[in-house]
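In what follows, a structure is listed as structure tokens, so that the remarks can point back to it.
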Amino acid sequence: MFLAPSLIGVFLFFILPFMVVIYYSMVDNPISANFVWFKNFANVAKNGAFKLAGKNTLKFSFVAMPLAVILSLLLAAMLDRKIPFRSQFRTFFLTPMMVPVASVVLIVQVMFHYNGAVNHFLSAFGVGKIDWIKSDYAQVVVIFLFLWKNLGYNMILFLAGLESIPKDLLEVAMLENANGWQIFWNIKIRYLSPTILFVTILSLINSFKVFREIYLLTGDYPYDSLYMLQHFMNNTFKSLDYQKLSAAAIIMSLVMIVIIGALFLVEKYVGKDVEE
Amino acid sequence: MKNNLIKGLSILAIVLLGVSITACGKTDSNSKTAESGEPYEYRSYFETIDLGLNENQGLSAKESKNGILFAIVNDVLMENDTYLGSEFRLHKFNESTKEDEISDWTIPIEEDSYISALKVNDDGTYSLVVNAYDPDTFESRFQILVLTDSGEEKNTIDLSKIGGTGDNSYLADTFFCKDGSIILQYDSMFVKISSDGSVVGKVETVEWINTAFLDSEDNLFYGGYNMETGKNQNSRVDFETGKCEPAFEGLPEGASVFGGKDGKLYASTSEAFYLYNEETKTSDYLFNWLNVDISSMYDLNLEIEEDGTIHFLNESWNEKGMKLEAVTIRKEKNTEENKVETVYYGCNYIDYDVKEKIIEFNKSNGKYRINVKSYSDLFEDYETQISQMNLDFTDGKLDLVAIDQDNRNAYIKADCLEDLNPYVDRDYNRSDLFDNVLKAWETDGKLYSISDSFGIYTIMGRKDVLKDMKHLSYSDLLSLRNQYIDKDFLSYPTKDTALYYALYIGLDQFVDLKNSECNFECEDFYNVLKFVSTFKDEIPSEDYDGWESIQNGNVIIEPMLIDSFQATEIYGQLFGDQVTFVGYPVSEGNGNLIYARKAFGISSKSNVKEGAWEFLKSLINGTEEDYYDGFPILKSRYNDMIEKEMTVETYIDENGVEQKQSKGGWGSANIMLEYYGATQENVDMVTDMISGATNSFSFDNKIMEIIIEEVEPFMAGQKSPEEVAKIIQSRVKIYLAETK
């Protein structure tokens, strides 16, 4: 009874819409509404645009996500030490979170435009102009943008995780002549495993949200390497192809479930002795 | 065990509930639209006010007061087709007895003057706003003339020194206040004068004034457009402080506000009527004027009763002249007696002639009625308008929809459109229609959309250059351009125009929409870019005249849309004897492309397909009074059009010599050409062009957007054709792959 309001809310705003999506993915069109079962899924799986989008999204996620986790962990480890200007560095890395997306996109456009600042700088060294956003280098730009935006927050999460590691364990390790690397790998990483899982999942989710920046930079139909799954879904919605959209959304959510499930299993294995 | 059973049952309940609710996605074949289920509808009633006007008479100004319609009628005096002048008389039409009293005196104004406003004063005098137009200087001089009931001049106020200069010298509107003062509206200024003409106050506005109105307490409000901010703003004018304050936030653009006797505020635009809520600053849509058989609403003298009934006088024009009607609009409950089958038509813009056709259909067809849902009345943002219209059409809430290049393919893919071939075959003989045009509009053998009229995209060119060419390929285009590099080549010789002409029409050379394939990395596309690069960014000079360029032989080709005999005659005059027509590069037919002027589609889910088809038939069949907007699809109407166009009208001039009557003038900055009628040669050429056309004009806006965006660096000389083509290929390929 006490759970009823939450359950009702979850049902109305999550479960029910998802069931509508499943329904739409199994009919031929909203007018005649004949059940075609998995035909839409087969069409989507064969669709060239979907395959390209899926490939780009996975490629981006599996490059950007590990980088976001590793770099932010290293930053956190560095800022956990007593270095000069520690709090200034912390503020510096947190600042990108406060900048509105549109401003970030504007800056990136100015920097990476064909006639932008980066090309101007490179031309001083005799390097020819590169069309950063409309070539195979485009993903490099977006990964840079993603890391710049997200490192700060991940770093804060890791800093909090590092603070929660029992100090006596670290002292004992130091007394036992363990070096920095051994302490980091055998103690800190083990204790940080739930945080690492959380940051990884968050980074994975954020890697999908990067569509917002790409859309503002390049519109509905960007260059090959920037075309993501959300472009596909956005555009199929605009062209009234709800069946394709629904099928693609379900395929994407199934992949997400598999990836996150795998992450949970890894965490369970790695952090087992910590919990014990 | 018990817990597992409860868990299982809960999951089953959720799944069953979810499945049963999701089944609402399928619409029952007998379901009606949400709007048709409404218990009330606004209905209009018209009563003609017959002032006995003939074809030489027109209404200049009017005001209804105490059951009498006071009207100033302009009588154009003609003798043997010669214009002798105009006379203005006052009519007093009793709305109850229908008797019309015409003054035996004429209004004493100068020649070339007209009366734009009339105010019946409480003391029985009449205030008239007179515009004396000087045909030599093209200037207008305004004055307010006050007459007694016997036509004697009581007072004259010269307004020529009151207005400003430039845009603020032309008097756009006049408002008469209850206290006898008068407010003059200029383009961005209001001036208040007393009854003796002395200036009481002057307020300059930041915005360009679009609409203005006085409320019942003589407060002046206006809606204006700020050129700097690009925004519309409603404001109240305060003559005492000389300033304007923001007012009526949330009004639709161009709306005027009216207070009803029911204490509510209403807002009206030329297209729709709203209920305005001052507290929430929102306007609730009530109806589109078209749905109460009013083409467009410009009258600001609405009277709203306590029960919300609306009264006003409506002027409308057709070929027979002006018609004045007293209109009453009431909100009425739907009953079996007054119910008709409603055909919901979705659009975001309606042509004037379609509006007239809808009104004509609604008034004459007792079984069906077209109810217009114009999404521009409901949403400000264009993207939202289109999205909502698409959603409503796919949901089956619209029966008829305006079809354009953007939505057609999406609707076909979603299986929303009815095949119109069976309807055409049932109600027409194919030989009575331009069947090749209908076939060109088919997709996979089905006619998903139809238009009552069409035009032909073709290329006009110099005969001595094009000789016997039937089609113009891209390599021909580039070769010609290189040969005539010293000439303008096009009438508007800029890179943008060249790109537009080259791609807008010939895009299917690079894009196969049917198979979702494209190839821009080819010699033809590089030729297009090279062709475009031979033109300048801007026109040669500020006083450049494209028509002069054609006459001087500097224009080699002119891609154009032919939708009238006038167009071919006029351009034929420009090119002189040196004109010929060639088609675009296509695999079959003569290369001339058929363009649907206004296409419609019927929803495959509609319950009133017959009603929608009845309306489309009324468009196709037309009437004798119709104005031809493009070539009619019905051959009998096409032949009527030829007969009308070939009839040369004449008149006798002041020297007694018979002269040809011009049917219209076409002009540029330096050239004026008159059209007197179509020649047999012209008619035969156009008819051949139509008969030989087998392809329809189609283009994809999105693809064009991508190309125009990516070609910019090439036009600026920063990228090569190959680099640009590679990016376009990548982006367009994705776009096409999505639709596969």
With a point put 7 Å past each Cα toward its Cβ, work out how far A:F2 is from B:D123 in nm, to one decimal. 8.5 nm
Output the Kirkwood hydrodynamic radius of chain A, Cα pairs only, in Å rounded to one decimal. 21.8 Å
In this structure, the FRET efficiency calculated for B:D653 and B:I68 from their beta-carbon separation, with R0 = 35 Å, to the nearest 0.05, is 0.20
With N residues in segment B:512-551, Rg(alpha-carbon) / (2.2 N^0.38 Å) equals 1.86
Note on segment B:562-655: alpha-carbon gyration tensor, axes a ≥ b ≥ c; rule is a/c under 1.5 for rounded, else prolate if a/b larger than b/c, else oblate; result oblate
Determine the principal axes of the Cα atoms in segment A:178-276, then give the extent along each, sorted from largest to smallest and rounded to whole angstroms. 60, 27, 16
Convex hull volume per residue in cubic angstrom - Cα atoms of chain B: 242 Å³
Taking H placed 1.01 Å from N in the peptide plane, check which residues at least 5 places from B:C518 or on another chain put their amide H under 5 Å from its amide H. B:D512
What ranking do B:619-626, B:254-261 get when scored by the average of other Cβ atoms within 10 Å per residue, highest first? B:254-261, B:619-626
Between B:Q718 and A:N179, how many nm apart are label points set 7 Å from Cα along the C-beta direction? 5.1 nm
Given B:K243/B:K264; B:K355/B:K663; B:K331/B:K367; B:K178/B:K333; A:K46/B:K470, the pairs whose alpha carbons are separated by over 32 Å: B:K178/B:K333; A:K46/B:K470
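Whenever you get a sec, line up A:R212, B:R462, B:R89 from highest to lowest accessible area (probe 1.4 Å, protein heavy atoms). Before the final figure, lay out the partial values.
Numbers: A:R212 120, B:R462 40, B:R89 70 Å².
From most exposed to least exposed: A:R212, B:R89, B:R462.
Give me the percent relative contact order of chain B, please, defined on Cα pairs under 8 angstrom at least 6 residues apart.
Working: 1331 pairs, mean separation 73.9, N = 740.
With pairs under 8 Å counted, the relative contact order is 10 percent.
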Looking at segment B:314-397 only, what percent of DSSP beta bridges run antiparallel? Nearest 5 please. 40 percent
Averaged over B:402-410, number of beta-carbon atoms from partner chains that fall within 10 Å: 1
Treating only the Cα positions of segment B:109-148 as identical point scatterers, give the base-10 log of I(q)/I(0) from the Debye formula at each q in 0.14, 0.30, 0.32 Å⁻¹. -0.33, -0.96, -1.03
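How much length, in nm to one decimal, is gained on full extension between B:K243 and B:D543, taken as 0.36 nm per residue of separation minus their Cα-Cα distance? Present the calculation step by step, with values, prior to reporting the outcome.
Working: separation 300, 0.36 × 300 = 108.00 nm, distance 4.08 nm.
So the extension gain works out to 103.9 nm.
Let me know the Kirkwood hydrodynamic radius for segment B:416-544, please, with Cα pairs as the basis and the value in Å to one decimal.
Values: mean 1/r = 0.0558 Å⁻¹.
Every distinct Cα pair counted, the radius reaches 17.9 Å.
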From the phi of every residue in segment B:561-575, what ³J(HN,Hα) in whole Hz does the Karplus formula 6.51 cos²θ - 1.76 cosθ + 1.60 yield, where θ is phi - 60° and glycine or proline is x? 9, 9, 10, 7, 6, 4, 4, 5, 5, 5, 5, x, 5, 5, 6
Report, largest value first, the span of the C-alpha coordinates of segment B:239-331 along each principal axis, in whole Å. 49, 32, 20
For segment B:356-469, just the Cα set please: Rg and Dmax, both in angstrom. 18.5, 58
Classify segment A:13-68 as rounded, prolate or oblate, taking a ≥ b ≥ c as the square roots of the eigenvalues of its Cα gyration tensor: rounded when a/c is under 1.5, otherwise prolate if a/b is larger than b/c and oblate if not. oblate
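List the residue ranges in chain A for DSSP H helices whose C-alpha atoms run 27 angstrom or more along the long axis and whose Kyte-Doolittle average is 0.0 or above. Show your work: numbers first, answer last.
Working: long enough: A:48-80 (47 Å, 1.30); A:138-163 (37 Å, 1.44); A:242-270 (42 Å, 1.69).
The qualifying helices are A:48-80, A:138-163, A:242-270.
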What Kirkwood hydrodynamic radius, in Å, does segment B:73-162 give when the mean of 1/r is taken over all pairs of distinct Cα atoms and then inverted? 14.5 Å
Can you list residues whose amide H is under 5 Å from B:K373's amide H, if they're 5+ apart or on another chain and H is modeled 1.01 Å from N? B:Y345, B:G346, B:C347
If I stretch the segment between B:Q405 and B:K231 completely, what's the gain in nm (0.36 nm per residue apart, minus their alpha carbon distance), one decimal? 59.7 nm
If the label point is 7 Å along Cα→Cβ of A:W148, which residues in segment A:194-234 have backbone nitrogen under 18 Å from it? A:207, A:209-219, A:226
For a paramagnetic label modelled at 7 Å from the Cα of B:S160 toward its Cβ, which residues of segment B:199-217 fall within the zone defined by backbone nitrogen distances under 19 Å? B:199
Number of partner chain Cβ atoms within 10 Å, mean per residue of A:131-139: 2
Show the residues, 5+ positions off or on another chain, whose built amide H is closer than 5 Å to the amide H of B:N155. B:V146
If you find the alpha carbon centre of segment B:176-249 and of segment A:79-124, how far apart are they in angstrom? 51 Å
Kindly work out what percent of the DSSP beta bridges joining two residues of segment B:412-570 are antiparallel, to the nearest 5. 80 percent
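Using only Cα atoms, figure out Rg for segment B:178-292 and give it as a multiple of 2.2 N^0.38 Å. All intermediate terms of the calculation are to be shown ahead of the outcome.
Numbers: Rg = 14.9 Å, N = 115, 2.2 N^0.38 = 13.4 Å.
It is 1.11.
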Mind ranking A:83-89, A:102-108 by how tightly packed they are, going by the mean number of other C-beta atoms within 10 angstrom, highest first? A:102-108, A:83-89
Express in whole angstrom the spacing between the alpha-carbon centres of segment B:349-386 and segment B:59-134. 34 Å
Taking R0 as 22 Å, what's the FRET efficiency between B:N552 and B:I708 from their Cβ-Cβ distance, rounded to 0.05? 0.15
For segment B:479-538, what class follows from the C-alpha gyration tensor (a ≥ b ≥ c being the square roots of its eigenvalues): rounded when a/c is under 1.5, otherwise prolate if a/b is larger than b/c, else oblate? prolate
I want to make sure I understand the PRE zone here: with the label point 7 angstrom from the Cα of B:Y133 toward its beta carbon, which residues in segment B:106-126 have backbone N atoms less than 13 Å away? B:111-116
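Can you list the equivalent-ellipsoid semi-axes of segment A:41-137, largest first and in whole Å, using the square root of 5 times each Cα gyration tensor eigenvalue?
Details: eigenvalues 202, 120, 38 Å².
Here the semi-axes work out to 32, 24, 14 Å.
Provide Rg over Rh for the protein assembly as shown; use the alpha carbon set for both Rg and the Kirkwood Rh (inverse mean inverse pair distance).
Numbers: Rg = 35.6 Å, Rh = 34.8 Å.
Rg/Rh: 1.02.
Once the Cβ-Cβ distance between A:I107 and B:I671 is put in as r, and R0 is 51 Å, what FRET efficiency do you end up with, to the nearest 0.05?
Numbers: r = 52 Å, r/R0 = 1.01.
Approximately 0.50, to the nearest 0.05.
The values are calculated or read from the model by the stated rules, or taken from the named source; none is laboratory data. Just so it is clear, the model here is predicted, and its values are computed rather than measured. Cβ: placed from backbone, ideal geometry, glycine included. Neighbour counts: every protein chain shown. Heads up: the accessible areas ignore ligands, DNA and RNA and are worked out on the full protein's heavy atoms, side chains in. Shrake-Rupley method; radii C 1.70, N 1.55, O 1.52, S 1.80 Å.
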